[in-house]
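Once you've had a glance at the structure underneath, I'll fire off some questions.
The values are calculated or read from the model by the stated rules, or taken from the named source; none is laboratory data. Here the structure is a predicted model, which means the values were calculated and not measured. Don't worry about glycine lacking a Cβ; one is built from the backbone with ideal geometry, like all the others, and counts go over all protein chains shown. The accessibility values were calculated without ligands, DNA or RNA, using every heavy atom of the protein model including side chains. Shrake-Rupley method; radii C 1.70, N 1.55, O 1.52, S 1.80 Å.
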Amino acid sequence: MPTPAPLTARAQRDRTPTAVRLDVLCRIVVAVPGNYAVTALAVVAIARLLPGGALSAAVTATLLSFALFAAGVMATFAARDGLRAGLWLAGIAAVAGTVVALTGAPA
């Protein structure tokens, strides 16, 4: 997948201050509470997929959560705009939620 071209100087100049503020607000909402919720859901999915005992799977998944959260925040602010970052986060949440729903409750 090719990387998207950055906004041209004219496109950046044509954005109003209100649009820029709304984009930053959207990114903050996606990066902090949204990313927290998706990371928590992904940790549950990873813990259910890891082999071994429940305790070791939970600890391993929790340790991975720090890297997942950091990567999610960086990806949110690296995206072209806040809406696109939110859509990517929603897609990841859908996949993680599907895994959690299909694996069912632990025995």
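Quick one: in region 65-107, which of the residues that are under 25 Å from Leu50 (Cβ atoms) and of a type in the set (S, T, N, Q) is most open to solvent (accessible area, probe 1.4 Å)?
From region 65-107, those under 25 Å from Leu50 (Cβ atoms) are 65-75, 88-107; that's our starting set.
Cutting the leftovers down to of a type in the set (S, T, N, Q) gives us 65, 98, 103.
Values: Ser65: 19, Thr98: 72, Thr103: 57 Å².
Only one residue tops the list, namely Thr98.
Which pairs have Cβ atoms under 6 Å, sit 6 or more apart or on different chains, and link a residue in region 74-101 that is under 15 Å from Ile28 (Cα atoms) and of a type in the set (Ser, Thr, Tyr) to one that is open to solvent by less than 60 Å² (accessible area, probe 1.4 Å) and assigned to a helix (DSSP H, G or I)?
Filtered contacts from region 74-101: Thr76/Arg27; Thr76/Val30; Thr76/Ala31; Thr76/Ala85.
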